[in-house]
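Student: The structure follows.
Only the coordinates and a few stated rules stand behind these numbers; no lab work does. Everything quoted here is computed from the prediction, not taken from an experiment. Here the Cβ is made from the backbone with ideal geometry for all residues, glycine too, and neighbour counts use every protein chain on show.
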Amino acid sequence: MTGFHFPEIKNAPSRFRNALGKYRITITRACTNCGLCVEICPYGVYQVGSKRPKASCEHLCLGPSCSKNDFYCAERCPEKAIHIRLNPSFEVLGDRRWPAELLAGTWHMAETGAIPHQGLNYKTGDSGGGFDKIRFILPKENGNDKPVTDGDISTAIELNRSGDSRPKVTIPVPLYLGGMSFGSVSIVTMLSRARAAVALGTFCCTGEGGYPEELMDYDDNVITQVATGLFGVREDTIKRVRIVEFKYAQGAKPGLGGHLLGDKVTPRVAQMREAVAGSALFSPFPFHSVYSVEDHKKHVDWIKEINRKALVSVKVSTPTDVDMVAVGSYYAGAHIVQLDGSYGGTGAAPDIAKKNIAMPIEYALPKVHKFLLAEGIRDKITIIASGGIRSAYDMAKIIAMGADGVCLGTADLVALECIRCHHCESGRGCARGIATTDDELTDLMELEWGTQRIINMYSAWRAQLVNILKRLGMRSVAELVGRFDVLAHMDYIRQEEIEGELD
Amino acid sequence: MKNRTYAQSIIDSRRHLGDEAGAISRPRVDAEEGGCGVTGFVCNIPVSGRHIFEPSVQMHNRGNGKGGGLAAVGLTPAKLGVDQRTLDEDFLLQVALLDETVLAEMEERFIRPHFRVAHEAFIDTVDDYRDIPGLEMKPPAVKRYFVRVRPDALARFRKERNLLMLPEDKAEEEFIYQNTYRLNLALYSSLGEKRAFVLSHGRDMMILKIVGYAEQVAQYYKLDNFDAHIWIAHQRYPTKGRVWHPGGAHPFIGLDEALVHNGDFANYYSVTEYLKQRNIYPLFLTDTEVSVQIFDLLNRVYGYPLEYIIEALAPTAEMDFDHLPEEKQRIYRRIQAAHIHGSPDGPWFFIIARTDVKNRQYQLIGITDTAMLRPQVFAIQKGEVEIGLICSEKQAIDATLESLAKEDPRFGTIADHYWNARGGSYTDGGAFIFTVRESANGRKNLICSDKFDRQIDVPRDQRPCDLTKKLPLAKLESAFQAGLRKELRKGDVEGLFSSLAKGLPKWDYSYTGSVLNRLRDLSKDDALKGNVIRLLTLFLDRYYPTGKKRRRSILQMATETLHSLFNTVPLLNDNAAGRYGRINFERRQHLRPPFPVEEVLIADAGNFPPEGDDSYAHLVTEAYRMGWKKFICFGLRGQRFLGCGLGPETEGIRIDAYDSTGDYLASGIDGLEIYVHGNAQDQLGQIMKRGKLVVYGDVGQTFMYGAKGGEVYVLGNAAGRPLINAVGRPRVIINGTALDFLAESFMAGDPYNGGGFVIVNGLTFDDRGRVIPQDTPYPGSNLFSLASGGAIFIRDPYRKIVPEQLNGGQILPFDERDWELILPYLKENERLFGISINRHLLTVDGKRRKPGDVYRTIGAVKLSVLASSSLSMNEEWVTGKSIEGMPDILFHHSTNYNKI
């Protein structure tokens, strides 16, 4: 991947007056407005105020752990007017997969493009299993004998490894942005993601809801989705893109198809899907024309006939025979298999399905990777993991478990300040103006801001990935694929048993 | 009672088989099977194995070359080195030797001690398997034995297994079954290294299978000179790669039957448990094996008649069950209660070939699952010779007929009837049985019947054309000849066709042939060519009386005339030759933009692969890109995606497709017009956006799935799941009916305000070409289910549609507004198909009716109603309450007609 320049990071602070942070700062009346705190805080927590300073960026505050620093404001305040304590909102924020710290850490990356300095755990959640129990075994810092610099490390992956006559498509980061339809998210959300994908040299998938005209400027970076409802799928949308994705199932709700409840079917959504406004829209499961692998091949051949240059990606969930599904997709001519594990899905996916049907991606991926290796075709197909990738560490871990790259959805929404309230399905009322089709709520977000937030977050992710690769002595993310030896599961391996450090 | 005792004694006698199987620890592998292509035909004369070759090649893309197999039933003794009696009475045991050194041990243990061998031989093969293009793995050596169980061995077996009460012939059959099981267990499934397995052991039948494609079986084992009454073949698509032995390939055996299967079971585990309870243990771990095990259990062990076996496999459900006679309901209910756990759930389609020893007949059976999730087409042709065919794709049927006709002109290239089975239905039971049986005069006859033993036949009083001799030329009156030319010049092709069609019943074949020849000669004049093509095409498109002649012969003659006409058009070269230019596979590199005089590109599909880089569809797209606007596509053999890929705004483009078009035709078209002159295959018009599709025949499964618009006219029936998830404004007329699930989740807006709708006329044609109503305009249990927009207008003068068929829709009065909406489409329908609004659609029992008395409207229910129980809504209808604007008269009608 030569000649690609990664986008510039620009500060994109919270669009709300009070960004949510881990700590809450109160300044008592004892304050004399001397301005010392404003002056000494290197993180810009305080702003000058008329009567006393305002802690307008308290989400940047290090909290009590700052006490070891000589710029610890609570200590240095001559009047001891500053009180720092845990933000009570923080305790109720998020869930076990996305704990408050991970949310806040992600917001921080989206705001600044940098790794959070506040001591937030931005690497893992608190689910008690899977990624959250897995760590990298990293050699001690500078402990390896072939030092590499950041610039030498490639995070690029090739999406067409089939050796067929279709074009090569290389993306400079091992990730692209997964399908979220117009209708399930606002047009601003959709465009922010698409524009970020352009800046990062990668792709963004339309989801199943048609191809809004606004996206057409970004054709080269759009993946158009052919899903079971075939909503908005037309020859010209298939013809204009470089990758076409078949969505067979979503890990969050395998066997259930898609649904967009009536409330979200506004005239614009209905128009794009050519359906009736106000009526719920169902995508069936499965494709009514595909009940076997040879039907699937025919389906893939069809898309390949319409667009003779496009790569074909097949998105499937992770049933117990996911390895068969992957190998079948390969033989049917797919370039990319996207395995969608069970953690994904917005709040609109039914709870009963969300965590109970498909296999977690950490189980599915090694199974598929090893099976394809044994088949001798692992290097002919690109495996993309999705469904519960929350952080740069999740991404690096799943690559070490056999994926070539990842596909993200929820992480982008968090970058746009989603608070994971799980009410995506309840009408148009996403309080944050992300998963909405309501015009006023859509206006809560600006396109430039949304774009930059996503760029910032993934830039931070890339930096973390580069750092992991560097410490492992690898020059390319491709070297990390299937390296189970660099991972440790904390239930089975203790820090004392390994050389190096668990991260 | 006797049967029950027999059944139990056989089941008990197998108990040790389970112990033996259990003693060997095998990893439990779940069935791995993809979809496949299946094909089979049965003929009243024995025909060569080479004729299964063509349909197999045609369905290459349904397999991946990792398993192919075929079975032959009703063999010719001379080719096997035995006499007729041995062939009839002995079991034909074929053993595949994956490791040839196992032979001595195998014979020592499983042949010599038990059998009197009347004849044994290795099956002849080509010298080097690498001489067969594409064959990568050496097929197994196969040894064939004609055996009877030695009396002492049988006596011992009956004693040891406590089968003394079983008649001798049944005990011998069971001996064969158990011996095969033990051979397979010992030399196949218990071993890491597979060494040998039994391919087949039934009477008058044999199976061969390899790692490769089915047609390579025929090549490798030299079946060119091997004749049989029935051939079935299977292209396998296993998703697990690195298959190195053919044990998992189809067909699988029961006793005297071979089964091939397309699909897979969701309940493989439950079915194996059901079998285990009856001491049956699968060894090959595919769902196909268990399918035939169930068949054998029900057939040989329980002694069920075929109808009940079919019922056990594909139970009748929903409204179809209610339509059964009470006596059948009583029996079926019991069958379902006893065997529902052995009923395969999921998409499947079986083709079974068997020797029915008891009744001295051969049978070819096709059975579809209740939801009809796999493609299936049946066909029959009768004349001097008689043939029945079952395939995954219609084009494979046509390929078989063509292959047969080339060698033996008593076969025609077109079948008398093509049809689909309606799974688990009261109409045909989802199964058809072709039986070859010797009649009193010593001639073998073919009989086709459905599950309920209702026969499907061809018009007896109409004779097909005898093409074994060259047709003598008839002299055409000079006035007639001059008239032809004059009318063609004038351009009233429709009028000319009517006058010819009027004369046709009186013509004999040679006169008809002479007229067609004359037309072909006239077409040499470029100015007349277009009209001649249109005229000849009308003979394919329309139904008309044929007198004593068989329709399929007329179709074959018209098709041949058209082909010969097309083939005289000069191939494209550097100069313009006229208004027509031709292109074919060999000359495809010479495709170039049209010169100004050139209007129509005649594209010969012969030799084009069905898909891929060199596809026929691509040739058409390229030609379009170069500026061609009118296409005549002929010689199609299932090439897929015709019309796909041209992109948006293709108004003014017209494609006329002849012969066996393929899947996905017209999918995604956005403006262009496609005319299919004949039956079409599966998945037509998916996501169709705009434009026009006209099919002069039936359409296959999932027709117009996810369509957004377009005007579509279908002369015949649609198979399962048409128009599912269609949105926007598709406007469709189906003149026949649909098997089931018509317009499920239809979301096509407000039909009166630019939205979409479907008109179903429920008509068909009789043998004399007359329009007649079908038994019911819509036989399925699911109509317009969960639809949120659009409408269905159904011609139902006898009020046969009942609310129970709707799952969310509602029956509304058909009013003036509806008539205004559909009239323009009915007019175009009349123009295209000759189905007259006044004489056919609005005339019921000879009386002209008002549109509102003939048609009914089915509309979507508002979401709030949809969200509540659909049952209450149906009750509302039945009690006749509270549907606004519903005139009482409708209810009266409904009652009246029900009484009729």
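Student: By how many degrees, 0 to 90 and rounded to 10, does the Cα axis of helix A:187-200 deviate from the longest principal axis of chain A?
Tutor: Orientation of helix A:187-200: about 90 degrees from the principal axis.
Student: Go ahead and run the numbers for FRET between B:K475 and B:R770, Cβ-Cβ distance against an R0 of 30 Å, rounding to 0.05. Can you show the working numbers first?
Tutor: Working: r = 32 Å, r/R0 = 1.06.
Efficiency, rounded to the nearest 0.05: 0.40.
Student: Something else about it: Please find the FRET efficiency linking B:E136 to A:H489, where r is the Cβ-Cβ separation and R0 is fixed at 45 Å, and quote it to the nearest 0.05. Don't skip to the end; give the middle numbers.
Tutor: Details: r = 42 Å, r/R0 = 0.93.
Plugging the Cβ-Cβ distance into 1/(1 + (r/R0)^6) gives 0.60.
Student: Averaged across B:747-757, how many Cβ atoms of other chains sit within 10 Å of each residue's Cβ atom? Mind showing how you got there, number by number?
Tutor: Values: counts 12, 3, 6, 1, 0, 0, 0, 0, 3, 1, 0.
Partner Cβ neighbours, averaged per residue: 2.
Student: If the chain between B:E168 and B:R848 were fully stretched, how many nm would it gain, using 0.36 nm times the residue separation less the Cα-Cα distance?
Tutor: Values: separation 680, 0.36 × 680 = 244.80 nm, distance 6.70 nm.
Contour length minus Cα-Cα distance gives 238.1 nm.
Student: Let me ask another. Need one number: % antiparallel among DSSP beta bridges in chain B, to the nearest 5.
Tutor: Details: 102 of 151 bridges.
Bridges in chain B are about 70 percent antiparallel.
Student: Now, a different point. Non-local amide H neighbours of A:L177 (under 5 Å, H modeled in plane, Pro and chain starts lacking H): which ones?
Tutor: Under 5 Å from the amide H of A:L177 lie the amide H atoms of A:F203, A:C204, A:C205, A:L408, each far enough along the sequence or on another chain.
Student: With r as the distance between the Cβ atoms of B:E586 and B:D453 and R0 = 35 Å, compute the FRET efficiency 1/(1 + (r/R0)^6) and round to 0.05.
Tutor: On the way: r = 50 Å, r/R0 = 1.43.
Taking R0 as 35 Å, the efficiency between B:D453 and B:E586 is 0.10.
Student: Using label points projected 7 Å from each Cα along Cα→Cβ, tell me how many nm separate B:E438 and B:R360, to one decimal.
Tutor: If labels sit at B:E438 and B:R360, their model points lie 0.5 nm apart.
Student: Counting only helical runs of four or more DSSP H residues, what would the 222 nm mean residue ellipticity of the protein assembly as shown come to if each run contributes -39,500 (n - 2.57) and the total is spread over all its residues? Mind showing how you got there, number by number?
Tutor: Numbers: 41 runs with 408 residues, N = 1403.
The helix-only estimate for the protein assembly as shown comes to -8500 deg cm²/dmol at 222 nm.
Student: Please rank A:W449, B:W348, fewest neighbouring Cβ atoms within 10 Å first, as an exposure proxy.
Tutor: A:W449, B:W348
Student: Right, another one. Against the longest principal axis of chain A, how steep is helix A:293-306, in degrees 0 to 90 to the nearest 10, with axes from Cα atoms?
Tutor: Compared with the principal axis, the helix lies near 80 degrees.
Student: Take every DSSP beta bridge whose two residues both sit in the stretch A:151-487, then give the antiparallel share in percent to the nearest 5.
Tutor: Working: 5 of 35 bridges.
The antiparallel proportion sits near 15 percent.
Student: Pop out the ³J(HN,Hα) list for the stretch B:100-117 in order, Karplus 6.51 cos²θ - 1.76 cosθ + 1.60 with θ = phi - 60°, rounded to Hz; leave Gly and Pro as x.
Tutor: 5, 6, 7, 3, 4, 5, 4, 5, 4, 8, 10, 10, 4, x, 10, 10, 8, 9
Student: Now for a separate question. Order of B:V57, A:V368 from fewest to most other C-beta atoms within 10 Å?
Tutor: Fewest-to-most ranking of B:V57, A:V368: B:V57, A:V368.
Student: May I ask for the angle, rounded to the nearest 10°, between helix A:100-112 and the longest principal axis of chain A, with both axes built from Cα atoms and the value confined to 0 to 90°?
Tutor: On a 0 to 90 degree scale, this one is about 90.
Student: Do any of B:K79/B:K444; B:K394/B:K470; B:K548/B:K827; B:K470/B:K548; B:K490/B:K689 go past 25 Å between their Cα atoms, and which?
Tutor: Correct reply: B:K394/B:K470; B:K548/B:K827; B:K490/B:K689.
Student: Turning to a different aspect of this structure: Counting partner chain Cβ atoms within 10 Å of every residue's Cβ in A:66-76, what's the average?
Tutor: Numbers: counts 0, 0, 0, 0, 0, 0, 0, 0, 0, 0, 0.
Mean partner shielding for this stretch: 0.
Student: Then there's this: Any idea how far apart B:R182 and B:W819 come out in nm if each label point goes 7 Å out from Cα toward Cβ?
Tutor: 7.9 nm
Student: Under 5 Å between amide H atoms, partner at least 5 residues away or on a different chain: which partners does B:V712 have, H built in plane at 1.01 Å?
Tutor: The answer is B:L693, B:R731, B:V732, B:I733.
Student: Quick one: of A:K297/B:K209; B:K406/B:K506; B:K276/B:K358; A:K123/A:K247; B:K382/B:K529; B:K469/B:K549, which pairs are farther than 22 Å apart, Cα to Cα? Numbers along the way, then the final one.
Tutor: On the way: A:K297/B:K209 24 Å; B:K406/B:K506 29 Å; B:K276/B:K358 28 Å; A:K123/A:K247 29 Å; B:K382/B:K529 34 Å; B:K469/B:K549 17 Å.
Cα-Cα > 22 Å for A:K297/B:K209; B:K406/B:K506; B:K276/B:K358; A:K123/A:K247; B:K382/B:K529; rest within.
Student: What is the packing order of peptides B:785-795, B:101-111, B:326-336, taking the mean over residues of other C-beta atoms within 10 Å and listing the highest first?
Tutor: Going from most to least packed, we get B:785-795, B:101-111, B:326-336.
Student: Sticking with this structure for a sec: Round to a whole angstrom and tell me the spacing of the C-alpha centers of the stretch B:283-324 and the stretch B:721-791.
Tutor: That distance is 32 Å.
Student: Put a dot 7 Å past each Cα toward the Cβ at B:E160 and B:R85; how far apart are the dots in nm?
Tutor: 3.0 nm
Student: How many angstrom separate the Cα center of the stretch B:665-713 from the Cα center of the stretch B:138-196?
Tutor: Taking the Cα centre of the stretch B:138-196 as reference, the centre of the stretch B:665-713 is 53 Å away.
Student: List the trypsin sites (Lys or Arg not before Pro) within the stretch B:479-585 that DSSP assigns to loop and that have no more than 12 neighbouring Cβ atoms inside 10 Å.
Tutor: Numbers: sites: B:R485, B:K486, B:R489, B:K490, B:K502, B:K506, B:R518, B:R520, B:K524, B:K529, B:R534, B:R542, B:K548, B:K549, B:R550, B:R551, B:R552, B:R579, B:R582; in loops: B:K524, B:R542, B:K548, B:R550, B:R579.
Here the trypsin sites (Lys or Arg not before Pro) that fit, given the DSSP loop and packing criteria, are B:K524.
Student: Right, another one. Going through the stretch B:573-666, which chymotrypsin sites (Phe, Trp or Tyr not before Pro) have at most 16 other Cβ atoms within 10 Å and a DSSP loop state? Walk me through the numbers on the way to the answer.
Tutor: Numbers: sites: B:Y580, B:F585, B:Y616, B:Y624, B:W628, B:F631, B:F634, B:F641, B:Y658, B:Y664; in loops: B:F585, B:W628, B:F641, B:Y664.
Answer in residue order: B:F585.
Student: Amide H to amide H, which residues 5 or more places from B:Q681 or on other chains are under 5 Å from it, using H placed in the peptide plane?
Tutor: Amide H neighbours of B:Q681, under 5 Å, 5+ apart: B:G700.
Student: Antiparallel versus total DSSP beta bridges in the protein assembly as shown: what percent is that, nearest 5? Intermediate values should be presented prior to the final figure.
Tutor: Details: 119 of 198 bridges.
Here the share of antiparallel DSSP bridges comes out near 60 percent.
Student: At what distance in angstrom do the alpha carbon centres of the stretch A:323-340 and the stretch B:448-515 lie from each other?
Tutor: Cα centroid of the stretch A:323-340 versus Cα centroid of the stretch B:448-515: 53 Å apart.
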